[in-house]
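Here the structure is laid out as structure tokens; the discussion comes afterwards.
The values are calculated or read from the model by the stated rules, or taken from the named source; none is laboratory data. Predicted model only: the values in this text are computed from it and were never measured. Heads up, the Cβs are rebuilt from the backbone with ideal geometry, glycines too, and the neighbour counts pull from every protein chain shown. The accessibility values were calculated without ligands, DNA or RNA, using every heavy atom of the protein model including side chains. Shrake-Rupley method; radii C 1.70, N 1.55, O 1.52, S 1.80 Å.
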Amino acid sequence: MGRHARRRFPWALVSALAVVALIAGLAFAMANRKSDPAKANKTTTATGTRSTTSSGEATQECADLRLAVAPQIAPLVADLVRADGAVCGKVTVEPTLSADYVFATAMWSVAPQPPKWPGRSRWVGAVSGSRGARHTMGRLPDIPESVGSRVLVSDRHPAAVIILAAGEGTRMKSATPKVLHAICGRTLVGHAIAAARATRPEHLSVVVRHQRDLVAAHIAQVDPDALIADQDEIKGTGRATECGMDVLPEGLTGTVLVTYGDVPLLTGETLQELVDRHTDSGSVVTVLTGVTDKPAGYGRIVRDADGAVAAIVEHKDATPEQLLIQEINSGIYAFDAEVLRSALTRVTTENAQQEKYLTDVLEIARRDGGTVSAYRIDDWWQTEGVNDKVQLAALGRELNARVTEKWMRAGVTIVDPNSTWIDVDVTIGADTTIRPGSQLLGATTIGTGAIIGPEVTIRDSEIGDGAHVRRAEVELAVVGAGAVVGPYSYLRAGTELGPKGKIGGFVETKNATIGAGAKVPHLTYCGDATIGEGANIGAGTIFANYDGVTKSHTRIGKQSFVGSSSVIVAPVTVADGAYVAAGSALVNDVGPGEIAVARGRQRNIAGWVARARAGTKTAAAAAAALEEQIIETEPGS
């Protein structure tokens, strides 16, 4: 990324300061309790339960502290908390997946289940005072959560999530592995990892096989802490899950979620609800199901008289009565870890496909006396998988429709959602207008009251409040508040346009800093340059920054003026308040208040056309004009 690509508000610093305040508050609270004998008998503090011995000496039953913070400040927070010594229990610092959402959440093992974070808000929060109480140390601006990646706060974290991503995806007809195809700014497996991480599992394993090295390398980039499990020659979802279990700690207990690397609309909230339903029901297996009026091809959920899941019947094996069932299997499950491990050892390949089916675990669990239940969701799109390019496009449209709807409900005007594409990690301020044909990609941020489009592509860039960008391509760039870009402008990596600045029609910029109120209005290439506040660059100016070996930098001072059709041959500095005459080829510096005229003196050669272009239409036109001049100058004419 270019060094000027993104200047964001320092959320990480805010979070770090909040944690420092948390530590100070803990230390202060402990000091007060130590100095107050009246409170020494039995009190609950932010660091655990304190009691007294028979001699009256205070002792402390330590509780563990678990912090969830943005990855970039996790090491700092860990060092601060441990160095302070206010917490006597175990300190665990867990990075969140997305740096866009900065949480500094303190949760205590002695506290009851905390509430979920409020939707559409960023918070820096901490536990203090009485048991399980919570107060906010600072509230950051409202912003809708990223689709599929909201971090949920619950004491029911799954012990592990296993993502099955080993399939070949032959129907994609592509050299790219299926799970590495992308929609809305993330690969399919990237969406799956984001949803899984939102539940904050203790472990996450991803099962791979087809083009293993490519997929594993991408997973390591997206989530370095994910465990890679290799599926062997034995086929089937049951065997894939077994391989995923093999890389998890031996003796793992708790809930294990099994999901897929090709279900991009599945959200972390749905997975957490599956965990909660699984826990509340006391089931050993809970299957996520949906209802559709087009169930052909899906396994049917057969329930018994009590409403429990009796069986999952594949479409080809279903009776006429079972084919009428509209509740279908998503293939996404919550398992008791011990039940899953035991049942997988008893799943065989004795079937027509000679594969180990994960659905066989349900039958084994029921036979062992366990309860198998279902959690039905109305939003069946969340469980739709991608098998070919047609489905990839369909799910991409649906996810984009959800993203655009989310932003419209947050106060953004999107004139034509059908022609507007917004990636899931983009953020947009209220009262911004998005006009047709716009693509907002990657980690782009748009301020409030901006006008974007029509026909723009903005990738990994920052657009300030009230800026106007139309018919332009912007990549790894910063556009300041109130600035104007376009039409037909190309802002390449490292471009930084200051507040109320302008980059106009048919202008290309790269690694260029353009100051507040400065203008590059027309037909210009501006590369490797710094343009001062209020400067004006005339039409047709070229910043010649490359000599075939080295790229050099040009500096244009504040309130300076560069005339049209000039060539600035770097490295050159034009001081504050200087002029460059139109048509100049500038190779030397220009001092304050000077004007540089770097062009040859004009010389007119009489009769050249008649001699050098005789017999041409030009020569005839010149001869006629000369004759007319003679007539006009004759006496009496």
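Using the crude model of +1 on Lys and Arg Cβ and -1 on Asp and Glu Cβ, and no other charge, please compute the dipole size for the stretch 388-478 relative to its Cα centre, in debye to 20.
Numbers: 9 positive and 13 negative charges, 50 e Å.
Here the size comes out at about 240 debye.
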| request: Would you kindly state how much longer the chain becomes between Glu168 and Ala217 on full extension, computed as 0.36 nm times their sequence separation minus their alpha carbon distance, in nm to one decimal? | output: 16.0 nm
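Once R0 is set to 22 Å, what does the formula 1/(1 + (r/R0)^6) return for the Cβ-Cβ distance between Glu398 and His210, expressed as a FRET efficiency to the nearest 0.05? Don't skip to the end; give the middle numbers.
Working: r = 26 Å, r/R0 = 1.16.
For R0 = 22 Å, the calculated efficiency reads 0.30.
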| Filter on Lys294/Lys356; Lys294/Lys316; Lys502/Lys551 - keep pairs with C-alpha separation over 19 Å | Lys294/Lys356; Lys502/Lys551
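How many Å² of accessible area per residue for the stretch 226-373, probe 1.4 Å? Please list the in-between numbers first.
On the way: 6590 Å² over 148 residues.
Each residue of the stretch 226-373 exposes 45 Å² on average to a 1.4 Å probe.
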| message | Could you tell me which residue out of Gln322, Tyr333, Ala311 lies farthest along the dipole of the stretch 304-356 toward its positive end? Charges go on the beta carbon: Lys and Arg +1, Asp and Glu -1, centred on the Cα centre. | response | Tyr333
| remark: Note to self: C-alpha centroids of the stretch 335-387 and the stretch 578-637 sit apart, in Å, by 87
| query | Can you list residues whose amide H is under 5 Å from Arg555's amide H, if they're 5+ apart or on another chain and H is modeled 1.01 Å from N? | reply | Thr530, Val572, Thr573, Val574
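R0 = 22 Å: FRET efficiency of Ala620 with Phe506, Cβ-based, nearest 0.05? Let's see the in-between values first.
On the way: r = 37 Å, r/R0 = 1.67.
That pair, Ala620 with Phe506, gives E of 0.05.
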| query | aspartates and glutamates near Lys558 by alpha-carbon distance under 14 Å, same-chain residues fewer than 8 away left out - which ones? | reply | Glu533, Asp576, Glu594
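When the dipole is taken about the Cα centre of the stretch 280-416, and only Lys, Arg (+1) and Asp, Glu (-1) are charged at their Cβ, what size is it in debye, to the nearest 20? All intermediate terms of the calculation are to be shown ahead of the outcome.
On the way: 15 positive and 22 negative charges, 61 e Å.
Value, rounded to 20: 300 debye.
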| query | Whose amide H sits under 5 Å from the amide H of Ile422, counting only residues 5 or more places off or on another chain, with H placed in the peptide plane? | reply | Leu440
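Roughly how many debye, to the nearest 20, is the charge dipole of the stretch 210-346 about its Cα centre, given +1 on each Lys and Arg Cβ, -1 on each Asp and Glu Cβ, and no other charges?
On the way: 10 positive and 23 negative charges, 77 e Å.
For the stretch 210-346, the charge dipole is close to 380 debye.
So if we plug the beta-carbon distance of Ala296 and Arg346 into 1/(1 + (r/R0)^6) with R0 = 22 Å, what FRET efficiency do we get, rounded to 0.05? Working shown, then result.
Numbers: r = 31 Å, r/R0 = 1.41.
Using R0 = 22 Å, I get an efficiency of 0.10.
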